[in-house]
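S.K.: Below are the structure tokens for one structure; questions will follow.
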Amino acid sequence: MPVKRYAGDRFVGPTGDPTGFPLDVADGAVLYTSGDLATDQASYIKVTGAWQQVVQTGVVLQTMTGDFLDKYSNQDVYGIKTFHNDVFIRDLTVTGTQTALNTVDSTIKDNIIIINSGESGAGITFGSGGFVIDRGSEEDAFFLFDETLSGDLEYTGGFNFNFIPHVTGDRLVKASETGVFQTQINVVHETGFTATTGVSALEMTGVSSIYDIDGVNSGEADILHKQQIQCYIGGVLQAPYQYSLSNTLGGTGTPTITFAENLFSGVRTNFVYSSTDRVL
């Protein structure tokens with residue numbers, strides 16, 4: 001009568017060519033060989049219809065009906081592999097077109113992150129590179145370096161934000177912006193341009209009185225008042241003796257800065273000071 005064989009059957013036999021081992025056994029069977037020499041003592045496992053030797057360098061059986069994973073030799077592995085516990089990898093190189101991380105938080109110890117690595121052209125071939133933040137149903141926020149940006153200083157390429165940047169201490173103001181800008185620590189930027197030639201007095205709109213400027217106190221010397229303001233004309237910081245600070249402009253009581261000499265039209269003006277009250 002025929003002998004029924006099962007996965008996991010164990011055999012013991014002499015050393016020899018695996019082709020001479022029993023073939024009518026199921027995958028998963030184990031065969032041990034013996035002999036006088038240590039090399040004669042070996043173990044084999046039946047995998048996908050063939051006997052595979054379990055060598056001393058280490059062969060790990062993936063499944064009872066699958067292939068071996070060799071711990072020490074180069075090997076290609078195919079199919080989707082799911083790891084349910086921690087996986088530790090010393091060095092990892094990922095190739096392809098996309099890497100997806102489905103984690104809540106990612107911690108990166110590197111102090112420098114290189115984006116667009118391997119660029120061989122002059123600039124970013126795709127035109128821009130940076131970070132995009134998914135905001136769900138709201139417009140995504142991005143921080144990009146855009147090769148197509150240019151400006152009056154004859155530069156090519158610049159950083160592009162699609163939302164107003166806010167820096168603790170000072171709000172970043174565009175060169176084309178005019179108005180009053182204030183941060184959470186009450187630093188006020190009043191920025192604009194002179195409208196007509198020959199003007200010497202400039203109205204301040206960020207405060208209703210010069211005494212709303214931090215450090216400006218009634219009864220103190222005018223020079224102490226002026227030292228509480230940084231006054232830029234055409235991008236040049238003005239010395240306090242070049243202007244006066246008062247609460248009158250044409251008798252209206254509006255805070256004003258008056259220069260000893262008239263200014264040209266279209267000159268950039270920028271007053272920076274700390275306010276005792278928020279105005280925005």
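The values are calculated or read from the model by the stated rules, or taken from the named source; none is laboratory data. Just so you know, these numbers come straight off a predicted model, no measurement behind them. When we count neighbours, we look across all protein chains shown, and the Cβ atoms used for this are built from the backbone with ideal geometry, even at glycine.
S.K.: Can you confirm whether residue 216 is within 29 Å of residue 256 (Cβ to Cβ), at pLDDT 85 or above and over 31 Å from the mean Cα position of the chain (by Cα)?
M.R.: yes
S.K.: Then there's this: If I filter the range 117-146 down to residues being loosely packed, with under 10 Cβ neighbours inside 10 Å and on the phi > 0 side of the Ramachandran plot, which single residue comes out as modelled with the highest pLDDT?
M.R.: Here the answer is 136.
S.K.: Among the numbered criteria (1) modelled with pLDDT under 85; (2) over 22 Å from the mean Cα position of the chain (by Cα), which single criterion is violated by residue 98?
M.R.: Going through the list (1) modelled with pLDDT under 85; (2) over 22 Å from the mean Cα position of the chain (by Cα), residue 98 breaks only (2).
S.K.: Starting from the range 138-149, take each residue that is in contact (Cβ under 8 Å) with a residue 24 or more places away in the chain and list its partners that are in a strand (DSSP E or B) and surrounded by 13 or more Cβ atoms within 10 Å (Cβ to Cβ), counting only C-beta distances under 6 angstrom and pairs at least six apart or across chains.
M.R.: 147/157
S.K.: How many residues does the range 121-132 contain that are out of contact with any Asp or Glu (no Cβ under 6 Å at 6 or more places or on another chain) and farther than 18 Å from residue 97 by Cβ?
M.R.: Of the residues in the range 121-132, 4 are out of contact with any Asp or Glu (no Cβ under 6 Å at 6 or more places or on another chain) and farther than 18 Å from residue 97 by Cβ.
S.K.: Would you check if there is a residue in the range 154-164 being among the acidic types (Asp, Glu) and either modelled with pLDDT under 80 or not assigned by TED's automatic domain parsing to the domain that holds residue 264 (or both)?
M.R.: Checked the range 154-164: at least one residue is among the acidic types (Asp, Glu) and either modelled with pLDDT under 80 or not assigned by TED's automatic domain parsing to the domain that holds residue 264 (or both).
S.K.: Among (1) within 42 Å of the chain's Cα centre (by Cα); (2) assigned to a loop (DSSP other than H, G, I, E, B); (3) at pLDDT 85 or above, there is one condition residue 231 misses while meeting the rest; what is its number?
M.R.: Checking residue 231 against (1) within 42 Å of the chain's Cα centre (by Cα); (2) assigned to a loop (DSSP other than H, G, I, E, B); (3) at pLDDT 85 or above, the one that fails is (2).
Here's the yes/no breakdown for (1) at pLDDT 85 or above; (2) in contact with a helix residue (DSSP H, G or I) (Cβ under 7 Å, 6 or more places away or on another chain):
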residue	(1), (2)
189	no, no
253	no, no
262	yes, no
277	no, yes
